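The values are calculated or read from the model by the stated rules, or taken from the named source; none is laboratory data. The structure presented is a predicted model; accordingly, all values stated were derived computationally and were not measured. Every residue, glycine among them, receives a Cβ derived from its backbone with ideal geometry; neighbour counts consider all protein chains shown. When the accessible area is computed, the model is the full protein with side chains, heavy atoms only, and any ligands, DNA or RNA have been set aside. Shrake-Rupley method; radii C 1.70, N 1.55, O 1.52, S 1.80 Å.
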Amino acid sequence: MSRDPRLFPLVAAPVMGALGVVEAASDAEFRQSFGVLVVVAAWLAAGFLTQAWLPSVGAVLVAGFYPLTAVLGAPGPGGTGLISAMLAMGYVGYAAPPRRSMLAVTAAVAVFVGTDVALHGVAWDSVFFPAVFYPARWAGRL
């Protein structure tokens with residue numbers, strides 16, 4: 001079994017990319033935006049690949065899927081995207097120095113909350129995203 005810490009994001013990239021395609025194809029709400037959501041799934045995979053070598057940058061890129069869905073007019077954030085964001089926040093907590101990982105998670109929270117406020121105004125999600133992203137980082141630090 002490999003002990004290379006990059007194994008996690010290198011496996012997460014194709015798994016979460018494939019899961020995004022499956023979600024887009026099988027969820028009635030997402031099926032009408034299938035082509036666009038395949039692009040979003042590829043974005044998630046690219047974010048994880050980046051995270052293998054640049055954990056903080058990759059974490060923020062993974063979080064960038066949410067504004068991408070908004071710009072492309074797709075529904076979101078979707079289960080695959082949220083799971084991916086949680087995994088990316090946990091991995092950055094594990095792989096990056098503490099200060100850098102905190103900055104990355106804070107940037108990811110800003111991306112999510114900013115996107116959500118722009119789309120829906122201040123709502124529960126404005127509290128939800130920080131409430132789950134920071135603990136995910138903390139779990140990675142453990």
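From the list Ala52, Ala59, Ala13, Ala46, the lone residue that is within 16 Å of the chain's Cα centre (by Cα) and within 26 Å of Gly121 (Cα to Cα) is Ala59.
Yes/no matrix, rows are residues, columns are (1) closer than 17 Å to Pro77 by Cβ; (2) modelled with pLDDT of 95 or more:
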| site | (1), (2) |
| --- | --- |
| Arg6 | no, no |
| Ala13 | no, yes |
| Val21 | yes, yes |
| Glu29 | yes, no |
| Leu37 | yes, yes |
| Ala41 | yes, yes |
| Leu44 | yes, yes |
| Thr50 | no, yes |
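When residues in region 115-141 are screened for being open to solvent by less than 70 Å² (accessible area, probe 1.4 Å), in a helix (DSSP H, G or I), over 15 Å from Val62 (Cα atoms) and small (Gly, Ala, Ser), 4 of them pass.
For region 106-125, a residue qualifies if it is touching a Ser or Thr at 6+ places or on another chain (Cβ under 9 Å) and either within 21 Å of Arg6 (Cβ to Cβ) or of a type in the set (Gly, Ala, Ser) (or both), and exactly one does: Ala107. Each residue in region 1-18 was checked for being in contact with a Leu (Cβ under 9 Å, 6 or more places away or on another chain) and touching a residue at least 40 places away in the same chain (Cβ under 8 Å), and 5 pass. Residue count for region 99-113 satisfying the condition of being closer than 18 Å to Pro67 by Cα and touching a residue at least 24 places away in the same chain (Cβ under 8 Å): 7. I need every pair where a residue in region 124-141 that is more than 12 Å from Ala85 (Cβ to Cβ) has its Cβ under 8 Å from the Cβ of a residue that is among the hydroxyl-bearing types (Ser, Thr, Tyr) and buried (at least 21 other Cβ atoms within 10 Å of the Cβ), sequence separation at least 6 or different chains. Cβ pairs passing all conditions: Gly140/Tyr91; Gly140/Ser101; Arg141/Ser101.
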